[in-house]
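Report on the structure given below.
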Amino acid sequence: MSATNGTESASAKSSLPKMLDDIDKSTFAVERDRIQALAAAYALVSRLETPWDTVARLCMTEPALGASLKMTVEQLAKLAGCDGFLVGRILRHLVATNVIDEVSPGQYQQTAFSTALLQPVIGEWVNYLYDAATPCFHKMPEYLGKSGYRNTTDPDDGVFQYTKGFHGDLFKYYQTHSREGQSFNNNMGGVMANQAGMLDIYPYDALNDPKPGDSAVPLLVDKSPHPHATAYNLTMMVKVSVFERTESMWKDLLGGAGFRAIKIWSSPVATQSVIEAERA
């Protein structure tokens, strides 16, 4: 490599952080492009992190963020009577994790995310983190060890029941625990409000396309799934003892019912897909 090329390469690397700082949601006019950029950014983080960076994020930064969010949701209105040093410690971590902004020393302002926490369909996910997600995933290894590492299949006797000390399915639990039940309803409202609709995934104009095989829409495959999809899969396991089907599982299911899958339509804006099938 020439000295000139080396200088240009070093200059490009030094300007990269500034380039990244200039990118936000408004950079993308199309949601598909934003989602693809977000996935690329996640992948970039995994390539840039050292093993220690990853351990620190998973075992310190994110757990501390969860605790800070819980304090914010439940006690922010009462913080005037709290120790100022304590409040500062919590707020500094919220700033460090980009939940709020520090406009000057000791002065803070909302971000789009912290403002969204005021909406129950978003903010109740913090309660869900403490009511179900963290306790269930914490107990999952212990439960699987005691059950001989078998796949969970009984909705009345799974990780959720083991964690809660409850006999009966998840919905019976929420019927008898109204606060958690209302929180769960808000969580599901958040999922429905933010997931892509069928019209966003399936190109209905392709029905009139004389060459539908030319479609550039990517096919969902069993390998390299999106982390949201794998998270849903494990969440379904710990909450209701079921699983999310892969492409091959859906094809087998449809085949057993006398159908043949023509195509599985997926989209960068969605973790779910649309299966196009016909009678075999």
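A short reminder: the numbers here are calculations on the coordinates, not readings from a lab. Everything numeric in this text was worked out from a predicted model, so none of it was measured. A quick note on method: Cβ atoms are made from the backbone with ideal geometry, for glycine too, and the neighbour counts reach across all protein chains shown.
General remarks:
- Gain on full stretching of the segment that runs from residue 47 to residue 231 - 0.36 nm per residue minus C-alpha separation: 64.2 nm
- Cα Rg, Dmax, the chain, angstrom units: 23.2, 72
- With the simple spin-label model, which puts each label point 7 Å out from Cα in the Cβ direction, the residue 193 to residue 176 separation comes to 3.1 nm.
- Gained length - residue 129 relative to residue 87, 0.36 nm times residue gap less alpha-carbon distance: 12.9 nm
- The calculated FRET efficiency for residue 16 paired with residue 61, based on their beta-carbon distance and R0 = 25 Å, is about 0.65.
- Extending 7 Å from Cα along the Cβ direction at residue 243 and again at residue 259 yields two label points whose distance is 2.1 nm.
- Segment 234-280: trypsin sites (Lys or Arg not before Pro) falling in loop per DSSP and having at most 15 other Cβ within 10 Å: 245
- Efficiency of FRET between residue 110 and residue 25 - r from beta-carbon atoms, R0 22 angstrom, step 0.05: 0.90
- Residues in segment 238-280 that a label on residue 32 would reach, taking backbone N under 20 Å of a point 7 Å out along Cα→Cβ: 263-276
- Residue-averaged 222 nm ellipticity for the chain, from DSSP H runs of 4+ at -39500 (n - 2.57), nearest 500: -17000 deg cm²/dmol
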